[in-house]
1. Could you pull out the pairs from 183/318; 113/335; 229/249; 208/294 whose alpha carbons sit more than 28 Å apart here?
2. Using the Cβ atoms and a cut-off under 14 Å, what net charge is assigned to the surroundings of residue 248, where Lys and Arg are +1 and Asp and Glu are -1?
3. I want to check the label-to-label distance for residue 25 and residue 51. Put each point 7 Å from Cα in the C-beta direction and report it in nm to one decimal.
4. Determine how large the accessible area of residue 75 is when every protein chain is in place; take a 1.4 Å probe and give Å² rounded to the nearest 10.
5. Accessible surface of residue 227 in the full protein assembly, 1.4 angstrom probe, to the nearest 10 Å²?
6. Let me check something: with ligands and nucleic acids excluded, how do 56, 210, 330, 197 order by accessible area (1.4 Å probe), largest to smallest?
7. Summing +1 for each Lys or Arg and -1 for each Asp or Glu, what net charge is found among the other residues whose Cβ lies under 12 Å from the Cβ of residue 28?
8. So if we plug the beta-carbon distance of residue 235 and residue 128 into 1/(1 + (r/R0)^6) with R0 = 41 Å, what FRET efficiency do we get, rounded to 0.05?
Amino acid sequence: MNIDENELQELYAEGRRDFHGCDLRDTDLTEIDLSFANLSGANLSNANLNYSNLSYTNLISAQLRGASLIGANLKWSDIIYADLRDANLQGADLEWANLRSAKLTNANYQTVKNIERADITDAIGVEKLIEEIEKSDMVQLNLFAEYPIKPLNRTLKCEPKYQDSFQKKYPPALLPKISRHTKMQGILAEIGQELGYRVWIARNDHSKDYRFGEYRFGDDSFEDSRFGKLKELTMEGFSIGGLEKQVEKISKLIDVIWLNENDQFKVVALFEIECTTTIHSGLLRMGDFVANVKLNPLTFIDPTFPMYIVIPEKRKKKLQSQLSRPIFQYLELHKSCEGINIEDIERCWENIIKQKIKIQQEIKPNIIDLIALSNCI
C-alpha cells in the first residue's frame, strides 16, 4: 500500500496501527508518533524519522536503508532482519530493542543510546561496536574486585564415537545455514525435554531453522536428521506465574528456560547464549528476572534456580569481569550464575542426555553442572 505522511498520521490518529508493507520511501516523518504500530515489511528507505516515537513498534524485515533516525525512540521495538544499512541512528535510543540479524553496515550508530541493552545477536556490521562496548566495560571494571572462575573438579567423558556422531549430525557443509547461537538453543532445548522439563525458547527466535536429530537411549546412533523450526521445541505460551508485565516481556527474550513440568512457579534453569554479543545484555535480562523474584512480594517463584551463560571458551575472562559489576553483585548473580563453554556442549551433549538413564526421579546434581564453570569466590 502506497500512502503519504499526512494519510499515515490521519489513519494513526483514528486508531489504525497496522501499516504492514506500506511504501513510505523518502517521506518526512519527523517527530511522528508510531508507537505500537505494525510496520513489518514496510519500505522506509531514505525516510526522515528524526525524533520520532517508534517504541514497541514492529519493524521486522522493514527497509530502512539510508533512513535518518536521529534522536528516535526505538525502545522495545522489534527490528529483526531489518535493513538499516547507511542509516543515521545518531542519538537514537535502542533500550531493549531487538536487532537480531539486522543489517547495520555503514550505519551511523556511534552516539546511539543504550545499545548495550539491545539484542544485536547475529546483527551485521556491529563488530567494532561490540568490541568498543566490551573494552569500555573492562576499563570500568578495573575499579572493582574480580572474581575468578575456575573449572570444577568434575569431568564428563566424551568418547570419540560421540564426537564422530556429532560431526555426522552437523556436517560442516550445512553449518552456515544454522548459526552457532541457534544450534546451542536447540541443543539445550533438546536436553531439557529429555530430562522431562518444559522448555521456553526466546520468542523472537521461534521462526529460526534448526536441524533435529532424535537420540535413542541405549543406541549409539541418531535417527535421520531433519530441518524444522525452533518453535517445535518450545512450549505453547509463556506460563511462568507471578511476574510483573514488564519483567515478563523481558523474560520472554531469555534464550532458553527450563521449567518444572507440573509447577508454574518452579524454574529449573535459565540460559543465555552469548557467542558474539555483549555478555552483559544476557546478564541484564537474568538480573531483571531475579530482581522480580526476590523483590516482588506477590510472586511465588522459588528463587533457588541456577543460571548459565553459554560462551566460547575465549570469552571466559569477559564473563568473569561482567559478574564483578556492582549491580550483578547486588543481585548476587556472581553466586548463582555459572559459565558453560560452548565447545564442551558441542563435544559432550549426547553424553549429557545419556547420563539421564543412570539417575532416577529428580536430577541430582543437575547434569548440566557436569560441564559448567564454577565461580569460586
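1. Going by Cα-Cα distance, 113/335; 208/294 fall outside the 28 Å limit.
2. So the surrounding residues net to +3.
3. In this crude label model, residue 25 to residue 51 measures out at 2.8 nm.
4. 70
5. 100
6. 330, 56, 197, 210
7. -3
8. 0.60
The values are calculated or read from the model by the stated rules, or taken from the named source; none is laboratory data. All values derive from a computational prediction rather than experimental measurement. All Cβ positions, even for glycine, are placed from backbone atoms using ideal geometry, and neighbour counts span all protein chains on display. Ligands, DNA and RNA are excluded from the accessible area calculation, which covers all protein heavy atoms including side chains. Shrake-Rupley method; radii C 1.70, N 1.55, O 1.52, S 1.80 Å.
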